[in-house]
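As structure tokens, the structure follows; a few thoughts come after it.
The values are calculated or read from the model by the stated rules, or taken from the named source; none is laboratory data. As the structure is a prediction and not an experimental result, all values here were calculated from the model. Cβ sites come from the backbone with ideal geometry, for glycine too, and all protein chains shown count toward neighbours. Areas reflect the complete protein model, heavy atoms only, side chains present, ligands, DNA and RNA absent. Shrake-Rupley method; radii C 1.70, N 1.55, O 1.52, S 1.80 Å.
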Amino acid sequence: MFGRRVTLFKIFGFEIRLDASWIIIAILVTWSLAVAVFPNTYPGLSRSAYWWMGIAGALGFFGSIVVHELCHSLVANHYKLPMKGITLFIFGGVAEMGGEPQNPKVEFLMAIAGPVASIVLGLLFHAMRALGASWSPEVAGVLGYLGWINLVLAAFNLIPAFPLDGGRVLRAALWHFKGDLLQATSTASRMGSGFGILLMAFGVYRLLFGDPITAIWYFMIGMFLRGASQMSYEQVLLRNELTGEPVRRFMRPHPVTVSPEMPVRQLVDEYLYRYDYKVYPVVTAADELVGCVAAEDVRKLPKDEWDRHRVGELAKPCSATNTVSPDTDAMQALSKLQQAGGGSLLVTERNHLLAVVSPRDVINFLAAKLRMEGRSMPLPQARG
Ligand SMILES: [Zn+2]
């Protein structure tokens, strides 16, 4: 459900994207406003009036979230923190950062900017409603709703559950007073995870009382928060442990290679069935790396042509996307591995193949490093 994104528009250079899940929430918000909230608080209006109010309320809600996230982004931009954009998803928005803030002060200012914007917006909508004494009930209703929802948004985001804004404020405070970003993230994300479990438990409680719709919402938000808090901690941990560690320290030397003269049938019989790798480096007798042959390209070749072709004909030149130098930073190698979508990277030096590195090698290195420091992996089940 998460992950499908549509770019809506650009503002101040930030891309505003819409997660597919937001379409569901937009419909739900409009619907619940039009059939329940507005008819209950402003009885006696026509059905179409309630629907127009519902649509206006949902659009205002959507715009309020954009303003909230934009304020996070503007502060981040001010401190030269790279922003990837803003994605609106199931319970609000996420300003996507390309890195961690440099210090606790920046983290604090960035985190607090969103809730402050929501509080200001909330008060503005309430003031507009109070000042316009001659508003029709339709307009007053929508303004009242927007005033209320912005304050709810601020309150929810201020809960000290990382990665919610309040959790970031908590992390900034711990980071400031204890001086350890990793430790601060660990504590803040444990709070986030705990709050997620609490929401899920409340969902189960509502289910027992025959309220499945509320139960599903609480359960989903709780599950999302729990996952997000663990993932954020993992990212900080990865960056903390892998930055500055060259690939040389954990690369696997003596990789399996094939010669360009080898018939394709031999490649299949002696290599593909035995190793099941995605890519095989092609190395000449003079120990020169000439390219890579992908198992997928071999599969595309009809069986009866296996004897007539040689590996060298199927090989593709190695590119910057699948090679690294032994001095490449482990964190950089990991993001390259993620972009490559699995498989391995070739570690090369002046056209010679030194070793290969797979995601598993990075993870094993990380696990070994953490063990040496007397710590454990945060999410063993996600590692396969
Ligand atoms: Zn926020």
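The ellipsoid equivalent to the alpha-carbon distribution of segment 109-234 has semi-axes of 32, 23, 8 angstrom, derived from the gyration tensor eigenvalues as √(5λ) and listed largest first.
Here's the list of aspartates and glutamates a cross-link from residue 105 could span, going by alpha-carbon distance under 15 Å and ignoring same-chain residues fewer than 8 apart: 165, 180. Relative to the dominant Cα principal axis of the chain, helix 181-208 is inclined by about 60°. For helix 212-242, what angle does its Cα long axis make with the longest principal axis of the chain, in degrees from 0 to 90 and rounded to 10? So the inclination is approximately 50 degrees.
Here, P(r) means the percent of Cα pairs in each 5 Å bin from 0 to the largest distance; for segment 229-312 it is 3, 12, 19, 17, 11, 8, 9, 8, 7, 4, 1. Near residue 190, within a Cβ-to-Cβ distance under 15 Å, what is the net charge of the other residues, with Lys and Arg +1 and Asp and Glu -1? Net of charged neighbours comes to +3. Put simply, the Cα atoms of segment 226-384 extend 54, 34, 23 Å along their principal axes, the longest span coming first. Which log10 I(q)/I(0) values, to two decimals, does the chain give at q = 0.09, 0.10 Å⁻¹ under the Debye formula with one point per Cα? Per q value, in the given order, log10 I(q)/I(0) is -0.71, -0.82.
Across all directions, the shadow cast by the convex hull of segment 161-214 built on its C-alpha atoms averages 3.8 square nanometres. For residue 355, the amide hydrogen comes within under 5 Å of the amide hydrogens of 347, counting only partners 5 or more places away or on other chains and with H modelled in the peptide plane.
The helix-only estimate of mean residue ellipticity at 222 nm for the chain, built from DSSP H runs of length n ≥ 4 each weighted as -39500 (n - 2.57), is -18000 deg cm²/dmol after division by the residue total.
Note: relative contact order over the chain, using C-alpha pairs below 8 Å and six or more positions apart, is 10 percent.
Hey, can you rank 124-131, 324-331 by average C-beta count inside 10 Å, highest first? Working shown, then result.
Values: 124-131: 15.2, 324-331: 17.5.
Highest to lowest by the protection proxy: 324-331, 124-131.
The packing ranking of peptides 367-375, 176-184, highest mean first, is 176-184, 367-375, where packing means the average number of other beta carbon atoms within 10 angstrom of each residue.
If packing is taken as the average count of other Cβ atoms within 10 Å, what order do 149-162, 132-145, 205-218 fall into, highest mean first?
Ranked by mean Cβ neighbours within 10 Å, highest first: 149-162, 132-145, 205-218.
Computed over neighbours whose Cβ is under 13 Å from that of residue 282, the net charge equals -3, Lys and Arg +1, Asp and Glu -1.
Remark: segment 172-180, residue by residue, has Karplus-estimated 3J(HN,Hα) of 4, 5, 5, 4, 5, 7, 9, x, 10 Hz, where x stands for each Gly or Pro and the curve is 6.51 cos²θ - 1.76 cosθ + 1.60 at θ = phi - 60°.
Using the heavy atoms of the protein chains and a 1.4 angstrom probe, tell me the accessible area per residue for segment 187-259 in square angstrom. Show your work: numbers first, answer last.
Working: 4050 Å² over 73 residues.
That works out to 55 Å² per residue.
Between the Cα long axis of helix 47-78 and the first principal axis of the chain there is an angle of about 50°, rounded to the nearest 10. Taking amide H positions as modeled 1.01 Å from N, with prolines and chain starts lacking one, the residues under 5 Å from residue 245 and 5 or more places away or on another chain are 330, 331. Please list, or write none, the aspartates and glutamates whose alpha carbon is within less than 18 Å of the alpha carbon of residue 10, excluding same-chain residues fewer than 8 places away. Filter leaves 19, 69, 96. In this simple spin-label approximation, residue 371 and residue 52 carry label points 7 Å from Cα along the Cα→Cβ vector, and these lie 6.9 nm apart.
Here's the list of lysines a cross-link from residue 369 could span, going by alpha-carbon distance under 26 Å and ignoring same-chain residues fewer than 8 apart: 178, 336.
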